[in-house]
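Okay, structure first, notes after.
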Amino acid sequence: MQITIRGVTKQFGNFAALRGIDLNIASGELLALLGPSGSGKTTLLRAIAGLEPIDGGSIRFGDTDATRLSVQERRVGFVFQHYALFRHMTVLDNISFGLRMRPRAQRPAAAEIRRRSLELLNLVQLNGLEGRYPNQLSGGQRQRVALARALAIEPRVLLLDEPFGALDAKVRKDLRRWLRQLHRDTGYTTVFVTHDQEEALELADRIVVMNRGSIEQVGSTDQVYDAPRSPFVFDFLGSPNVLPGEVRDDGVYLLGAAAPFEAPNGLAPGPVDVYARPSDFRVVEDDPAAIAGRVLEAQRTGTLVRLTVLLAANGQSVEIEIPHPDPEMRVWLPSDRIRLRPAHFSLYRESRPAPARIVEDRSAAHSAPGSRVRGQ
């Protein structure tokens, strides 16, 4: 089922929750609506479901104008963050509820309802638990029941609102893999809301990044991660270091560097913000395009070492990640001198105020070998 959204607006009092949303969702696609609280992602999901009437625009399911259709007429399966299971019903009764509530003329026979519900129970890998009640299940199991209940009505579209937000980290990871496989098996057009970047990148075919009721960028996971169109998208999909730079005729100069990087074609001279993630930096020696700094803190995290580096040019603190051990088997200590260059970066003319921390370089604190010093 293809979904076509054109010019959709929604206002709550003086607050514009959706500002002229245009979006095409392909049949069989797994699409993530990603953004911070208040960005409009849940409002858009509820508008697709028919749970939130829109003020303007249109929503089409295939060739059908669904804008004024009820939730039941749209035939969507909706999964909430907190399961919304009936506590007094067994697992099997929860799954079959939507089928049993159909008008008599559209309701399958009791035996068919039971057969279909047991089949879905097996699909979500909970066979044998049909007689249990929700309070006898784990959080992950309850969410699987909620998904099975949504699938029981044979929806045209499956919608999930922060489906794993109430679960702990390990269960979330397990259910993400399971949901991806379930999507492959069923082929439903699926839209899910999340504020978890890792979840969106792992699950989705495409990601819609939303901000203040508008769409900042739509693209594949590679497109939005590797080529973010705005500082907001870059910032939301990672923890960027924002460095001052300048585009000149011969390339991009970082503050304090003696030589440039190659500038993208057609970029006019002038100041820019250089965005680079911690993993984008490389430690170098004799490179005139590199910037000098001093290690403030080194923290081992599994196969990586996270370094906090104080830049010599402007006293800015940046975070970088390098493999452990690095090829030269170096052990980094506070006060060690270091030279860096970003291997990957994005340039923006205008951005939010840089999140860089300005730290005080207290020489006495750096003089003790092996001590850890945190930026102030």
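Assorted remarks:
- The amide H of T67, built 1.01 Å from its N in the peptide plane, has I59 as neighbours under 5 Å, considering only residues 5 or more places off or on other chains.
- Note on K170: aspartates and glutamates with a C-alpha under 15 Å away, same-chain residues under 8 apart excluded, are D196, E198, E199, E202.
- For the range 69-160, Kirkwood radius (reciprocal of mean inverse C-alpha pair distance, Å): 13.2
- Carbon plus sulfur fraction of accessible area for the range 151-279, probe 1.4 Å, in percent: 46
- Convex hull volume per residue in cubic angstrom - Cα atoms of the chain: 186
- DSSP bridge analysis restricted to the chain gives an antiparallel fraction near 75%, rounded to the nearest 5.
- Considering only beta bridges that DSSP places wholly inside the range 114-218, some 45 percent are antiparallel.
- Pairwise FRET efficiency - A110 versus A227, Cβ, R0 = 41 Å, nearest 0.05: 0.15
- Cross-link reach is defined here as a Cα-Cα straight distance under 24 Å, omitting same-chain residues fewer than 8 places apart; for K41 the lysines meeting it are K10, K173.
- In the range 114-197, the alpha-carbon atoms span a convex hull of 99 Å³ per residue.
The values are calculated or read from the model by the stated rules, or taken from the named source; none is laboratory data. Predicted model, so just to flag it, every value in this text is computed and none were measured. Cβ coordinates were reconstructed from backbone atoms using ideal geometry, including for glycine residues, and neighbour counts include every protein chain displayed. Please note that ligands, DNA and RNA were not included when accessible areas were found on the heavy atoms of the full protein model with its side chains. Shrake-Rupley method; radii C 1.70, N 1.55, O 1.52, S 1.80 Å.
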